[in-house]
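Take a look at the structure set out below.
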Amino acid sequence: MARLASSRWSIVLGLAIVIAALPFLFPSNYYFRVAAIVNIFALAVVGLNLLMGYAGQVSLGHAGFMGIGAYSVAIGSAHFKLHGLLAMLIGAALAGLVAFLVGRPILRLKGHYLAVATLGFGLLISMALANEAAWTGGPDGMGVPRLEILGYRLRGPDTWYYISGGALLIGVILALNLIESPTGRAMRAIHDSEIASRVAGIDVAAYKLRIFVLSAIYASVAGSLMAFLNGHITPDGTAGFLRSVELVTMVVLGGMGSVVGAIVGAAVLVILPQALTIFHDYEHLMLGLIIMVSMILLPRGIVPSLLARLRGGGA
Amino acid sequence: MSFPLLETDNLSIAFGGIKAVDSVSLTVQPGKIHSIIGPNGAGKTTLFNLISGLYQPSSGRVKLGGEDVTGLPPEQLARRGLSRSFQNLQIFFRMSACDNVMVGRHRHEKTSMLGHLFALPSVRAENARSRDLAMGLLERVGLAGVANKEAGSLSYGALKRLEIARALATEPRILLLDEPAAGCNAIETEEIDRVIHDVAKSGIAVLLVEHDMRLVMRISDHVLVLERGKSLVSGTPETVRNDPRVITAYLGTFGTEEANRA
Amino acid sequence: MPELLQFAFSGLTVGAVYALVALGFTLIYNASDVVNFAQGEFVMLGGMVTVFLHLAGVPLPIAAALAIFATVLVGLALYAFAIDPARGSSAVTVIIITIGASIFLRGVAQVIFDKRFHALPHWFGSEPIRFGGAAILPQSLVVLAGAAIIVALIFVIIDRTILGRAILATAANRLAARLVGIPVRKIVALSFALSAAIGAVAGILVTPITLTSYDVGTLLALKGFAAAMLGGMGSAVGAVVGGILLGLAESFGAGLISSKYKDAIAFLIILATLFLRPQGLFGKKSVERV
Ligand SMILES: Nc1ncnc2c1ncn2[C@@H]1O[C@H](COP(=O)(O)OP(=O)(O)OP(=O)(O)O)[C@@H](O)[C@H]1O
Ligand SMILES: [Mg+2]
């Protein structure tokens, strides 16, 4: 059972079935919307999990890349009249480029230092988005023109549920491919011993940078999808510090180094506050509480804990 | 005399005033086993760290295959055919034993990330090839039975051999082994002894640090005795064993039991 | 010229606050290796509790004392309910827990208090003192004096008391400290309490000038950390010097370059430090051993 759950194609097949079957359980558009948000966060978290769970490098500023993806779509469509999809590609390239440039110096850091440097980087991006009001509409955000493909305007949450589900599926397949490749082994090796990795001929700095860039592109695409789904974006909502913290929490909550865990973590952290928050004012309180409680009670994450139990409670 | 594969020339490093390695020169020939012995804290591991690019020497040079490689980082040295094991294990604990060895194949694998993301047929074929080679090496060090176990769950003796297999997977021209038999039982030591022999026979140069005197005296072509960072005596096992300075300086502190066994 | 003097004054004032946050960081970091991202919330609580008690009619000095007391309780609770249960978890997990705590405290403040900005009365009036063409608020002098007293107090505690010895021993080697009978967990709890008190005092001192609201903590924490890193993680002297330097850099940066990106300076300082002198101004260099 455990072996089955971790084999590549059963994960992909299972996920495809879940994405296709869930809509039969949705009583209203609201559910499609929440599920689409889960898909989008899951996509970003699958990417971040490659960086954190596999390569062992924390990023507390990853929402910054989501912001780049979201605002590329918004600014590209609104100011430059680009097609939404092209703007999304440009956003992904831009996020990758930014990650490449800042990753080089930042990824030399370890532990707390890396956490704080990435946090600062994320703050810088959301600061820039809030400050450059002429382009971004400032702290109140800006509208995103609807995506149009072959004359169809994509707007309903159900449409975006299926699109984001497809994107997530692709993201998962690519991530699973990578994990089972020499790059994947290099990533995991770096996580466990940088010294042994280097002695084995792995250019540790180059690999960290590659994974950082890749995870930034995942986040950027997720940000673009979020912009399309919501039709309106704000610096805090896409790139803010809280978003970055949520992404990291999703990775750890689901289980570091587990692709399925990334999706579960995203689902739990998106749905739980929706279910628990009766009053908008309690949002921060609940989020903080959920983060603390889950980290204390499930430091290894949901999916690895469950798998361990399936294997017969063994270590 | 054949062309030396590794040469160090007056290699030195100090930590806070203490000269951990002090003007050590040595040469290692292909296919030969060159051992370094000396009491605890003599600087053997530090010498390895200097040669393998983990520490920068404060003075002196390292030459690999005639090329000056002083100060090059370990990954560059790996590409030039230098690999090593660690006294304090450096294992990829969360990976399977087989994956640990497959990491050693890294420098021979293609590194196009796009190919990896899309799992191109060539990548899958390469994966299979690396896996076969890794399994072969695990077989060679007697670990075939635990290939799919997580490395973190293996015994100390098994991990010591896993490190050797991983180092061999890089197909080195020179292999540095830091106390490969420490903590191993008699049977495991036997196995390691045989592997080192085979490795040397295949033309790879071996630089060995080992406290097990019987092993050292039996398999070495050349022995260097280090004391407080300085090279004390250097020669064949026979000359070193009979040198009075070694007996007092080294065996004296290390215990007569070893001397007798040797 | 008077302009530069003006920048220096305001830089010193915020710098003093950063120094206190950094000092709080350092105390906890030394005792437990925990990087406490909720450090900024201590400052927020100090200010906010005082504001609301004062609004409720409590005289200012009593309100301030109660605010410090309340913040210390929060610091102890943070240790007991969030940090201590996670002993042995990875560094990332603990960081996330303290961030969760920071978000939680912010959420609680938002519910109990409100989302507006609040001020406290200046202690000695808000009539600026003229000096060399620049104007200083009397409250700035209060902040500087207060910070100096706290720093002096902490240094006396660390240098001259048994408690300080225990803290130093715990910082140097936790296992050894435990073996010689130092109650390490109590020491760590104490470091949280002390940090909370320092943060609260900083908040009370500076609120008349900078105002406070439920969400001032995040940036303060980042800047405190930048200051601690600039000075050298784990060095108390470094924390203070780093804080002052960061305050000055921000003030001059905002005045001479761009005030829009004033908050980015802390981040740039973190990066610059890490490149030029990763161990910080007062830290010790270390080589990874193999
Ligand atoms: N990174 C370092 N920083 C400071 N001192 C070091 C460092 N590495 C080694 N030393 C010191 O250098 C000396 C030599 O140590 P080394 O580990 O090389 O000895 P060794 O011969 O391998 O001993 P053993 O037989 O115990 O493995 C010791 O005094 C050690 O404390
Ligand atoms: Mg050694």
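The values are calculated or read from the model by the stated rules, or taken from the named source; none is laboratory data. Quick caveat: nothing in here was measured; it's all calculated off a predicted structure. Note that we place each Cβ from the backbone using ideal geometry, even for glycine, and neighbour counts take in every protein chain shown.
Summary table below
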| quantity | calculated |
| --- | --- |
| Matching residues in the range B:77-100 - criterion: being buried (at least 20 other Cβ atoms within 10 Å of the Cβ), in a helix (DSSP H, G or I) and within 9 Å of chain A (Cβ to nearest Cβ) | B:77, B:78, B:99, B:100 |
| From B:93, B:86, residue being closer than 30 Å to residue B:150 by Cβ, touching a residue at least 12 places away in the same chain (Cβ under 8 Å) and within 16 Å of ligand 2 (Cβ to nearest atom) | B:86 |
| Test result for residue B:58, at pLDDT 95 or above and either within 15 Å of ligand 1 (Cβ to nearest atom) or under 24 Å from residue B:183 (Cα atoms) (or both) | no |
| Scope the range B:170-185; condition touching a helix residue (DSSP H, G or I) at 6+ places or on another chain (Cβ under 8 Å) and within 16 Å of ligand 1 (Cβ to nearest atom); matching residues | B:176, B:177, B:178, B:180, B:181, B:182, B:183, B:184 |
| Conditions (1) touching a residue at least 24 places away in the same chain (Cβ under 8 Å); (2) buried (at least 23 other Cβ atoms within 10 Å of the Cβ); number of the one not met by residue C:103 | (1) |
| Residues located in the range B:139-156, provided they are without any contact (Cβ under 8 Å) to a residue 24 or more places away in the chain, out of contact with any Leu (no Cβ under 7 Å at 6 or more places or on another chain) and not in a loop (DSSP other than H, G, I, E, B) | B:139, B:145, B:153 |
| Test: residue in the range A:281-288 that is modelled with pLDDT of 90 or more and within 30 Å of residue A:76 (Cα to Cα) | no |
| Set A:220, A:215: member being assigned to a helix (DSSP H, G or I), more than 14 Å from every other protein chain (Cβ to nearest Cβ), within 19 Å of the chain's Cα centre (by Cα) and among the polar types (S, T, N, Q) | A:220 |
| Of all residues making up the range C:252-276, the number that are within 7 Å of chain A (Cβ to nearest Cβ) and more than 15 Å from residue C:222 (Cβ to Cβ) | 2 |
| Residue satisfying condition, being within 17 Å of the chain's Cα centre (by Cα) and either over 30 Å from residue A:283 (Cβ atoms) or hydroxyl-bearing (Ser, Thr, Tyr) (or both), within set C:154, C:136 | C:154 |
| The range B:1-52: number of residues that are more than 10 Å from ligand 1 (Cβ to nearest atom) and either buried (at least 23 other Cβ atoms within 10 Å of the Cβ) or part of a strand (DSSP E or B) (or both) | 20 |
| Of residues in the range B:107-135 being touching a residue at least 24 places away in the same chain (Cβ under 8 Å) and touching a helix residue (DSSP H, G or I) at 6+ places or on another chain (Cβ under 6 Å), the one farthest from residue A:187 (Cα to Cα) | B:134 |
| Residues located in the range C:210-254, provided they are charged (D, E, K, R) and either at positive phi or buried (at least 21 other Cβ atoms within 10 Å of the Cβ) (or both) | C:223, C:250 |
| Sole residue being of a type in the set (Val, Ile, Thr) and surrounded by fewer than 19 Cβ atoms within 10 Å (Cβ to Cβ), chosen from C:257, C:269, C:187, C:150 | C:257 |
| So residue B:159, is it touching a residue at least 24 places away in the same chain (Cβ under 8 Å), closer than 13 Å to residue B:103 by Cα, in the same structural domain as residue B:109 (by TED's automatic domain parsing) and of a type outside the set (Val, Ile, Thr) | no |
| Flag if residue B:71 is touching a strand residue (DSSP E or B) at 6+ places or on another chain (Cβ under 9 Å), surrounded by fewer than 16 Cβ atoms within 10 Å (Cβ to Cβ) and either assigned to a helix (DSSP H, G or I) or of a type outside the set (Asp, Glu) (or both) | yes |
| Residues of the range C:1-45 classified as of a type in the set (Phe, Trp, Tyr), over 17 Å from residue C:230 (Cβ atoms) and more than 12 Å from every other protein chain (Cβ to nearest Cβ), total | 3 |
| Complete set of residues in the range C:106-152 that are among the acidic types (Asp, Glu) and free of Cβ contacts under 8 Å to residues at least 12 places away in the same chain | C:127 |
| Some residue of the range B:192-203 being within 16 Å of ligand 2 (Cβ to nearest atom), of a type outside the set (Ser, Thr, Tyr) and modelled with pLDDT under 95 | no |
| Any helices (runs of 4 or more DSSP H) falling wholly within the range C:54-163 and containing at least 1 residues that are touching a Lys or Arg at 6+ places or on another chain (Cβ under 6 Å) | none |
| Positions within the range A:90-129 being assigned to a loop (DSSP other than H, G, I, E, B) and aliphatic (A, V, I, L, M), in sequence order | A:107, A:109 |
| Scope the range C:280-290; condition modelled with pLDDT under 80, more than 10 Å from every other protein chain (Cβ to nearest Cβ) and buried (at least 17 other Cβ atoms within 10 Å of the Cβ); matching residues | C:283 |
| Tally, over the range B:37-63, of residues that are in contact (Cβ under 8 Å) with a residue 40 or more places away in the chain, away from every other protein chain (no Cβ under 14 Å) and either within 16 Å of ligand 2 (Cβ to nearest atom) or not small (Gly, Ala, Ser) (or both) | 7 |
| Residues of the range C:73-93 satisfying the condition of being surrounded by 20 or more Cβ atoms within 10 Å (Cβ to Cβ) and in contact (Cβ under 8 Å) with a residue 40 or more places away in the chain | C:74, C:75, C:78, C:79, C:83 |
| Index of the failed condition, residue B:160 passing every other in (1) at pLDDT 95 or above; (2) buried (at least 23 other Cβ atoms within 10 Å of the Cβ); (3) outside any strand (DSSP E or B) | (1) |
| Residue within the range A:189-212 that is within 13 Å of the chain's Cα centre (by Cα) and within 24 Å of residue A:93 (Cα to Cα) present | yes |
| Contacts under 7 angstrom Cβ, first residue in the range B:179-206 being over 18 Å from residue B:144 (Cβ atoms), partner assigned to a helix (DSSP H, G or I) and within 16 Å of ligand 1 (Cβ to nearest atom), 6 or more apart | B:180/B:160; B:181/B:215; B:183/B:156; B:183/B:160; B:189/B:215; B:193/B:215 |
